[in-house]
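The values are calculated or read from the model by the stated rules, or taken from the named source; none is laboratory data. Everything quoted here is computed from the prediction, not taken from an experiment. Cβ: placed from backbone, ideal geometry, glycine included. Neighbour counts: every protein chain shown. To get the accessible areas, we keep the full protein, side chains included, count just its heavy atoms, and leave off ligands, DNA and RNA. Shrake-Rupley method; radii C 1.70, N 1.55, O 1.52, S 1.80 Å.
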Amino acid sequence: MTLWLPNLAVYSAQLLALAVAAACVSRLFVLRHPTSTAQFWHLALLGAAALPLVQPRLSAGAADSAVRVVPAVLGTANSAHAAWPAITGVLWLVWMVGAAWQAGLLTLGLLRLRGLRRRAVDVGALGPRVSRLNALLGTDADVRLSDEVQGPVTFGLRRATVLLPLATRDMASDTVDAVLCHELLHVKRWDWLWTVAEAAWASLLWFHPAARYLVSRSSLARELMVDAQTIAVTQDRRAYAQALLQFAGNSTQPATVATPFFTRRHLPDRVAFIVNQEVGMQPRGRFAVTSAALTVLALAVTLVIRAVPMLSAAGHDDTAVRVDAVRSTEPVSQASRPGNGTTVPTVVHQEKPQYTAEALAAKIQGDVILDVVVLENGTVGEVSVVKSLDTVHGLDNAAISTVKRWRFEPGTRDGKPVSVTVAIAVTFTLKD
């Protein structure tokens, strides 16, 4: 059984912890400057996306087992174990349907953007302003007017496109400059690439509020950075605030993969930044504060990873297998026990069972002790569980089904092969 479901649950827990830690750290270090804010949230989001790739994983050793358990124990273990694949199958289907739905929405958004660009018209009298700002910022964006958007949006990489609503033609010249400068700075920074990447990542984690939170904070940080750069270029804070408020009553996000000039949930933070002066801090001081905040966040995430690690498939070299001539109190058959002239069977072929994904997630360790009847031909006959380790997540059954495939040099009495009952201890161990 694959580990996707336990690891998805672990990753979800880690992601939630990272989001909470990032929110607390950003408040603790009072990250107000747009550069510090953007660096912090962008790196936090990158770290969240990279968590499954960069963290060490908890692995498990394999194990060895015996033949078949007492019928009552077998029925309990099998029923619980058989129900788990059905549950994981349903959860896998739900996740896949949600991810496919989100991917479909992204695809439709991209197709809609192509349609908007195709139906848009030339900027007309705004052309000289567009050319001047393109030259000033070193961009080559295709700026057009559209009656299908209620606010400016930017998209595209090879040839970026900026769509402006038709109402832009009636705005004051300084307001138009502020809007154009903002959108062209998005083009210069390749921010649409960030937007698409964030949307794709969030679509895979469509069920997780922490993923949406981190994307929202990263998006806001990016907008604050562009706001600061726009004000630095235009030197007109009032005109820029008017440009932002001009679209406050409109829904300005026509597609999920465009970079809009305005989103309503970010309005309070952006207006507060525009109205207030930037925090006076030298670049060296900003770097120190941002580095300290990221270090604290990294330490918090490291502790979470250690407490709730992801899992990897079990290896085959860490299984402790012991075949002991130990007499159980309840013989499972009329087979002889070692001693009194009866020799102990010798293992000639053995296999090592794997941890089940559920047992890995539950971090179960310990011994399954089995009474195993080795028949005269060296195959395994009757098996009984003397000491159970796990009847719910399948470790007892994993031990039993694997030992069934073992082969022995049979025990003998008076030089002739005989059936012999031996105790086999199968040790399941987790390795750090």
Sole miss for Ala197 among (1) under 30 Å from Leu297 (Cβ atoms); (2) crowded, with 20+ Cβ neighbours inside 10 Å is condition (2)
Select from the range 351-370 the residues that are surrounded by 18 or more Cβ atoms within 10 Å (Cβ to Cβ) and under 19 Å from Pro309 (Cβ atoms) and list them in ascending order.
Gln354, Tyr355, Thr356, Ala357, Glu358, Ala359, Leu360, Ala361, Ile364
Taking the conditions exactly as written (among the hydroxyl-bearing types (Ser, Thr, Tyr), in contact with a Gly (Cβ under 9 Å, 6 or more places away or on another chain) and modelled with pLDDT under 80), does Thr319 satisfy them or not?
yes
From the options Thr421, Thr402, residue that is more than 27 Å from Leu5 (Cβ to Cβ), out of contact with any helix residue (DSSP H, G or I) (no Cβ under 7 Å at 6 or more places or on another chain), in contact (Cβ under 8 Å) with a residue 12 or more places away in the chain and buried (at least 19 other Cβ atoms within 10 Å of the Cβ)
Thr421
Any chance the range 145-168 includes a residue that's within 17 Å of Thr234 (Cβ to Cβ), touching a residue at least 24 places away in the same chain (Cβ under 8 Å), in contact with a helix residue (DSSP H, G or I) (Cβ under 6 Å, 6 or more places away or on another chain) and open to solvent by 20 Å² or more (accessible area, probe 1.4 Å)?
no
Yes or no: the range 122-141 includes at least one residue that is among the aliphatic types (A, V, I, L, M) and free of Cβ contacts under 8 Å to residues at least 12 places away in the same chain.
yes
If I ask for residues that are in a helix (DSSP H, G or I), β-branched (Val, Ile, Thr) and surrounded by fewer than 21 Cβ atoms within 10 Å (Cβ to Cβ), which ones from the range 26-51 would you list?
Thr35
Exactly one of Ala288, Ala241, Ala298 is of a type outside the set (Lys, Arg), open to solvent by 40 Å² or more (accessible area, probe 1.4 Å), at pLDDT 70 or above and farther than 22 Å from Glu198 by Cβ, and that residue is Ala288
For the range 384-398, does any single residue satisfy the condition of being touching a residue at least 12 places away in the same chain (Cβ under 8 Å), closer than 28 Å to Thr88 by Cβ and among the hydroxyl-bearing types (Ser, Thr, Tyr)?
yes
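Would you say Asn377 is touching a residue at least 12 places away in the same chain (Cβ under 8 Å) and surrounded by fewer than 17 Cβ atoms within 10 Å (Cβ to Cβ)?
Criteria met by Asn377.
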Would you mind finding the one in Pro260, Pro309, Pro283 that is at pLDDT below 80, closer than 30 Å to Ala103 by Cα and of a type outside the set (D, E, K, R)?
Pro260
Right, Ala66: at pLDDT 70 or above and either under 26 Å from Leu311 (Cα atoms) or more than 16 Å from the chain's Cα centre (by Cα) (or both) or not?
no
